[in-house]
Amino acid sequence: MPRALPQALLRDLAAVVGAPHVLTGDATAGYAVDWTGRFRGDPPAVVRPRDTAQVAGVLALCSGARVPVVPQGGNTGLVGGGAPLHGEVVLSLARLDWLGPPDLEAAQVTAGAGVTLSQVAAAAPALDLGVLIASRDSATVGGAVATNAGGLRVLRYGPMRAQLRGLEAVLADGTVVSHLSGLVKDNTGYDYPSLLAGSEGTLAVITRARLRLVPRARDLVTVLGGFSSPGEVHAAARAATAGVRGLLSAEFFTAAGLDLLVSRAGLTLPLPAPAPAYLLLEADGPGALDELAAVAGDHPAAVAQSAADRARLWAYRERQPEAAGFLGVPLKLDVSVPAAHWAELAAGVAGVVAGADPGATVITFGHVADGNVHVNIVPAAPPDGRHEDAVFSFVTSLDGSISAEHGIGALKARWLPLARSAAERELFARIRGALDPAGILNPHVLVPR
Ligand SMILES: Cc1cc2nc3c(=O)[nH]c(=O)nc-3n(C[C@H](O)[C@H](O)[C@H](O)COP(=O)(O)OP(=O)(O)OC[C@H]3O[C@@H](n4cnc5c(N)ncnc54)[C@H](O)[C@@H]3O)c2cc1C
């Protein structure tokens, strides 16, 4: 049962955002469960402010009443950070969908927290957003900043933090902090936009972001090659990062995910013969075709240059997150290791999971050039932490990270000590305490309050 909110608080919230935007009962259902279906809560209310002033009003009320709040954007997060698991109020930022005119001279744009990444990418014909993720049609600017989203072009443009040129946010007590000038050089104090990037809704609610835009890629070439092992995939990706000047993406997946997409989602095999592992490379500019062909060498490969053909090849990689869902509710772990250990991780992780749960299905895919492997597990044994124990211990033994890009959320909070020292966690807690003394913002996430 959700914790009921006092009627007076519900009335005050309705006075701030308008009665139709305070949802209770069945109307909250769409906000109560995450994209995977693994994280489900029961919020006493969903509050949908329209602008920064309304966000400030809502947070001041919740802080005053000591009511915990979970900020939510597009609800595509994969670590349970946006789900009201402990009866929190959901603060939906989806209606903060104001998108400013692109500043073509500075190649920047200011966007509300609820604007989707696809909408930012379409802001100007000759410009693009440097961050590209498969969930871009739903994932929002606020959520992408809060998770420091990575994705398919990190090797060229960096993650969401690297796109930030300014930020506006509301602290837990309703104070608005805003620094949106977009100056490239500006050493006037603490870089709190960078601090809030990756803070997973625990420090403040992001309301607007000033984002850099990058030149829109022209003359794109996509190559999908079949390889005999993750080690071969890694060697080819390294050759591409060294030798393909316009490289944008180096992505991998394996036969395990592909076979499911072929049998359950109607895709046909991309190459005449099946391969154990696949590498998708994309590059732009003069010479891209020849340089990519040189990397593919004698390996079987499909080449695409038209938008339709490229989309067809990209579907094999971008639909990998769906594959495990055909078998059950997956555990989605995303880990990274130094380049020297990537092949060992990619080749060995399924065996490590089998050691903990012999009946589990493991599907891996991800961003080779970033050292990042997404490990999707459909458990056969109870999901009681044994899978995370196995994968995270393996990853830390390879000097890696338990979260490459999705964050810690609720899913991984208990394993944070594997990745961060006691002194670091104490610092995190002090930062939280300073920005949110009442402890209302996402209390179960990252470093639980
Ligand atoms: C098919 C698929 C593919 C994906 N691919 C990638 C990928 O390649 N790379 C990657 O990094 N991620 C990926 N993701 C994960 C997800 O899309 C990203 O984490 C995204 O940035 C989340 O944005 P959102 O708006 O959906 O946030 P939500 O899911 O709503 O929230 C995510 C977190 O941010 C907090 N939050 C949301 N909005 C705000 C705000 N305005 N202020 C403060 N905190 C806020 C929430 O409390 C929560 O902790 C993928 C997800 C799916 C479903």
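The values are calculated or read from the model by the stated rules, or taken from the named source; none is laboratory data. These numbers come from a predicted model, not from an experiment. Positions of Cβ are backbone-derived with ideal geometry, glycine not excepted, and every protein chain shown enters the neighbour counts. The protein model used for the area step is the full one, side chains on, heavy atoms only, and it has no ligands, DNA or RNA in it. Shrake-Rupley method; radii C 1.70, N 1.55, O 1.52, S 1.80 Å.
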Task: helices (runs of 4 or more DSSP H) contained entirely in the stretch 234-347, each with at least 1 residues that are under 25 Å from the mean Cα position of the chain (by Cα) and at pLDDT 95 or above - done: 255-265, 307-318, 320-323
Open item on the list: Residue under question is residue 113, and the condition is that it be near the ligand (Cβ under 6 Å from one of its atoms), closer than 25 Å to residue 335 by Cα and not assigned by TED's automatic domain parsing to the domain that holds residue 29; does it hold?
Closed with: no
- [ ] State the number of residues belonging to the stretch 180-218 that are of a type in the set (Ser, Thr, Tyr), closer than 14 Å to residue 167 by Cα and either touching a Lys or Arg at 6+ places or on another chain (Cβ under 7 Å) or within 12 Å of the ligand (Cβ to nearest atom) (or both).
- [x] 3
Task: All positions within the stretch 97-117 that are open to solvent by less than 10 Å² (accessible area, probe 1.4 Å) and over 19 Å from the mean Cα position of the chain (by Cα) - done: 100, 108, 109
Open item on the list: Residue under question is residue 339, and the condition is that it be in contact (Cβ under 8 Å) with a residue 60 or more places away in the chain and more than 16 Å from the ligand (Cβ to nearest atom); does it hold?
Closed with: yes
TODO: Given the conditions (1) surrounded by 20 or more Cβ atoms within 10 Å (Cβ to Cβ); (2) more than 13 Å from the ligand (Cβ to nearest atom), report the number of the one that residue 71 does not fulfil.
DONE: (2)
Open item on the list: residue 382 - would you say it is in a loop (DSSP other than H, G, I, E, B) and over 24 Å from residue 417 (Cβ atoms)?
Closed with: no
TODO: Six or more apart or on different chains, Cβ under 7 Å: which pairs go from a residue in the stretch 17-35 that's in the same structural domain as residue 51 (by TED's automatic domain parsing) and under 18 Å from residue 56 (Cα atoms) to one that's charged (D, E, K, R) and within 15 Å of the ligand (Cβ to nearest atom)? Could you list them?
DONE: 17/48; 17/50; 21/48
- [ ] Go through the stretch 152-171 and count every residue that is more than 13 Å from the ligand (Cβ to nearest atom), over 21 Å from residue 372 (Cβ atoms) and open to solvent by 30 Å² or more (accessible area, probe 1.4 Å).
- [x] 1
- [ ] Could you grab me the full set of residues in the stretch 287-330 that are more than 22 Å from residue 268 (Cα to Cα) and of a type in the set (A, V, I, L, M)?
- [x] 288, 289, 292, 293, 294, 295, 329
TODO: Return the residue satisfying two criteria in turn: it lies in the stretch 8-51 and is under 15 Å from residue 94 (Cα atoms) and open to solvent by 70 Å² or more (accessible area, probe 1.4 Å), and of such residues it is farthest from the chain's Cα centre (by Cα).
DONE: 20
TODO: Search the stretch 118-151 for residues being near the ligand (Cβ under 8 Å from one of its atoms) and not in a loop (DSSP other than H, G, I, E, B), and hand back the single one that is surrounded by the most Cβ atoms within 10 Å (Cβ to Cβ).
DONE: 141
TODO: Scan the stretch 316-325 and give yes if some residue there is at positive phi and surrounded by 15 or more Cβ atoms within 10 Å (Cβ to Cβ), otherwise no.
DONE: no
